[in-house]
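A.B. asks: If you scroll down you'll find the structure; I have some questions about it.
Read the figures in this text as sums done on the coordinates, not as results from a lab. Given the structure is predicted, the values throughout are model-derived calculations rather than measurements. Cβ: placed from backbone, ideal geometry, glycine included. Neighbour counts: every protein chain shown.
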C-alpha cells in the first residue's frame, strides 16, 4: 500500500468518471496496521484529531504519527453537530482563535482539495431587549476590531431579509440582529473525511477500531498508550477525545475541569429553500439553518444534566420546539424527522483548553463545550503547532489548563466560571 | 426522567434544577489552600458511570437532594437528602 495513491478531485475528473461508470475512484485513506512506535500519537479520530494530524504532516513535516479512533473516523461529534461556522466572539483569547479558524475555513477546500461545502450564508443573532441590543453592538465592535465582520441590523432591515419571523411577539419583540456575513455552515462529514485524506496521504496512520485503554507514564514522562490493538509507544501523546476527555485524563491520573453533557439537535423533512441564513433566537435557546438537502437543522440548550447517553430527554425537545414556534411560526407545519444527542465536554468558563499537562509529552485538547465544530481547523492547527514546536500558537495562547486555578478564565458566552453547564 | 424525592415521592425531572457533581457535601475548609479549592470549584471526576450529583427540588419542596445516577443510561439508583448525606459523611 503506497502513500502516494491519492487522486486529485476536479470537475474534469468528475466528468470523466461520470462517463466511464465511476470505476476509477479509490479509497480516500489507507487502513494500516498500527506500528509499535510513533513520534506522536493522537487519541481521537474526530474533527480535531484529524485536523491536527493533517497540519502536523503538511505544515511541520511530521508524518510518523498515528490517530487512534475507538469507533470509525468522524463517527463522534464531528458527525453529530449542527455544522455552524462562525467567528463572533467578544473576549480576547477566544476572538483571535475563532478568527484564525474562520480564515482556515475559508481556504480549506483549496488546502484539502476536498469539497467541504463551506457556505458563508451569514449568521444573524437576534436580540429582544435594549440591554441585549447594547451587548450585541459591543460584541459586533469587538468582532470588527478583531478584523472580522459584523453589521447591526435594525428591525426594518431585518424584516426585508427575514420576512417570516414573528416581530411582534408580545413577550419578546425583535429589537434587531447582529449579522456576521462570513459565518455559515459546512458539510460536517466532509470536513472529517477531507482532513483524514490529507493526513493519510502524507503518511499519517489512521487506525480505527482501536480504543485506548491506558496511558503509559514513566518518571513523569509519557511513553505510549495501551490499546485494544496492543501497546503503542510514543514520544508525545495528544488527548483529543472531546466528550470522553475525562476518561482519557483518568488513565493518566488526572482530573479535568470539564463535565460531559448531552446537547440535542433536530432535523425536519426536506423542504424547498426557505431559510437562507443561520438564525439564532436571543430570548430562548433556539437556532436554525437549512441544509443543502432542504432539512431544517435546529437545536437549543443542553439537557442540563451530566450525560454520556448521546440521546436527550423530551422536556428539552418540547422547549426547543416552543422557542422555534415563537420565533418563526411557519416551521410548525414541517415534520421533525430525526433528533440526536452529542456529548459536550463543558468547561467551567465556557472556553476550551489546548495545552501541555504536568506529564512531559502529554497534551490535552478539551472543553470544547457546544462549539467544537467551527474550531476544527484551528483546534488541530494550533495543537499541531504546540506538538511540533513546543510553543503555544499566538492564536491559542490563553487556552491554558491552569487558568482556572490562576483566575484567568475566559468567560465568554455567559459562563459563570464554576458551574460547568451554565453558559 | 423521574426523580424520587425523599419528601415528595416520584416527581418529573422538570421540577428539579441540576447543580452538578455533589462536591458541595464535602466542601474544603476555608483555609484548605488554593489547590484544594481549585480542585473543589473546577475539577471533576466526570465518570461514564455512576455519579453523585446535586439536584434542587425547586418546583416542589425546595430540598437539595443527592441523586446517584448512571450517566450512560440515566438510571437512578438512589436519592438522599443532601443534609443527610452531609451528616453521614461528617
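A.B. asks: Could you put B:13, A:229, B:44 in order, starting from the residue whose Cβ has the fewest other Cβ atoms within 10 Å?
C.D. replies: Details: B:13 18, A:229 15, B:44 21.
Least to most surrounded, the residues fall as A:229, B:13, B:44.
A.B. asks: So what is the relative contact order for region B:2-89, in percent, with contacts set as C-alpha pairs under 8 Å and at least six apart?
C.D. replies: Numbers: 141 pairs, mean separation 25.7, N = 88.
So the answer I get is 29 percent.
A.B. asks: Taking the beta-carbon count within 10 Å as an exposure proxy, list B:37, A:29 from fewest neighbours to most.
C.D. replies: B:37, A:29
A.B. asks: I've got another one for you. Mind ordering A:242-249, A:50-57 by average Cβ neighbours within 10 Å, highest first? Write down the numbers at each step before the final one.
C.D. replies: Values: A:242-249: 23.6, A:50-57: 29.5.
My ranking of the peptides, most packed first, is A:50-57, A:242-249.
A.B. asks: Next up: In vacuum, with every alpha carbon of region A:328-379 counted as one equal point scatterer, what does the Debye formula give for log10 I(q)/I(0) at q = 0.22, 0.31 Å⁻¹? Two decimals, please.
C.D. replies: For the requested q values the scattering log ratios are -0.88, -1.17.
A.B. asks: Right, another one. Please compute, for peptide B:67-75, the average count of beta-carbon atoms on other protein chains lying within 10 Å of each residue's beta-carbon.
C.D. replies: Details: counts 1, 0, 3, 3, 10, 4, 3, 9, 0.
Per residue, the number of nearby Cβ atoms from other chains is 4 on average.
A.B. asks: Given a Förster distance of 35 Å, report the FRET efficiency between residue A:218 and residue A:60 from their Cβ-Cβ distance, rounded to the nearest 0.05.
C.D. replies: Numbers: r = 26 Å, r/R0 = 0.74.
Efficiency, rounded to the nearest 0.05: 0.85.
A.B. asks: Using alpha carbons only, how many degrees (0 to 90, rounded to 10) separate the axis of helix A:47-60 from the longest principal axis of chain A?
C.D. replies: Between helix and principal axis, roughly 60 degrees.
A.B. asks: Once you treat every alpha carbon in region A:210-302 as an equal point and sum by Debye, what is log10 I(q)/I(0) at q = 0.17, 0.20, 0.25, 0.26 Å⁻¹?
C.D. replies: -0.77, -0.90, -1.25, -1.31
A.B. asks: Continuing with the same structure: So how do A:369, A:274 line up by other beta-carbon neighbours within 10 Å, fewest first?
C.D. replies: A:274, A:369
A.B. asks: Then there's this: On a 0 to 90° scale, report how tilted helix A:314-327 is relative to the longest principal axis of chain A, with both axes built from alpha carbons and the result rounded to the nearest 10.
C.D. replies: 50
A.B. asks: Which angle between 0 and 90 degrees, to the nearest 10, do you get for helix A:130-146 versus the longest principal axis of chain A when only C-alpha atoms count?
C.D. replies: 40
A.B. asks: Evaluate peptide B:43-55: per residue, the Cβ atoms of other protein chains within 10 Å of its Cβ; return the mean as an integer.
C.D. replies: 6
A.B. asks: Further, regarding this structure: Count, for each residue of A:250-260, the Cβ atoms from other chains sitting within 10 Å of its Cβ, then give me the mean as a whole number.
C.D. replies: The mean count of partner-chain Cβ atoms within 10 Å per residue comes to 4.
A.B. asks: Continuing with this model, one more query. Whole Å is fine, so just give me how far the alpha carbon centre of region A:319-380 lies from that of region A:248-318.
C.D. replies: Between the Cα centres of region A:319-380 and region A:248-318 lies a distance of 7 Å.
A.B. asks: Separate question: Determine, at each q value in 0.16 (inverse angstroms), the log₁₀ of I(q)/I(0) that the Debye formula gives when each Cα of region B:2-89 is one equal point scatterer.
C.D. replies: Each listed q corresponds, in turn, to -0.66.
A.B. asks: Cα centroids of region A:52-126 and region B:12-85: how far apart, whole angstrom?
C.D. replies: Their Cα centres are 35 Å away from one another.
A.B. asks: Moving on. For chain A, what does -39500 (n - 2.57) per DSSP helix run (n ≥ 4), summed and divided by total residues, give at 222 nm, in deg cm²/dmol to the nearest 500?
C.D. replies: -8500 deg cm²/dmol
A.B. asks: Next up: Given an 8 Å cut-off on Cα distances and at least 6 residues of separation, report the relative contact order of chain A as a percent.
C.D. replies: Normalised by residue count, the contact order of chain A is 22 percent.
A.B. asks: What percent antiparallel are the DSSP beta bridges of the protein assembly as shown, to the nearest 5? Could the numbers behind the result be given before it?
C.D. replies: On the way: 68 of 88 bridges.
Within the protein assembly as shown, antiparallel bridges account for around 75 percent of the total.
A.B. asks: How large is the helix-only mean residue ellipticity at 222 nm for chain B, computed as the sum of -39500 (n - 2.57) over DSSP H runs with n ≥ 4, divided by its residue count, in deg cm²/dmol to the nearest 500?
C.D. replies: When only DSSP H runs of four or more count, the value is -5000 deg cm²/dmol.
A.B. asks: Calculate, axis by axis, the spread of Cα positions in region A:1-121 along the three principal axes, and write the results as whole Å, longest axis first.
C.D. replies: That works out to 52, 43, 28 Å along the principal axes.
A.B. asks: In whole Å, largest first, what are the principal axis extents of the Cα atoms in the protein assembly as shown?
C.D. replies: Extents along the principal axes: 69, 64, 43 Å.
A.B. asks: Highest mean first, what order results for A:205-213, A:309-317, A:38-46 on Cβ atoms within 10 Å?
C.D. replies: Top of the packing list down: A:38-46, A:205-213, A:309-317.
A.B. asks: Over the C-alpha atoms of region A:172-252, what are the Rg and the largest Cα-to-Cα span, Dmax, in Å?
C.D. replies: Taking only Cα atoms of region A:172-252, I get Rg and Dmax of 19.5, 61 Å.
A.B. asks: Quick check: convex hull of the Cα atoms in region A:343-423, volume per residue, rounded to a whole Å³?
C.D. replies: Per-residue hull volume (Cα only) is 96 Å³.
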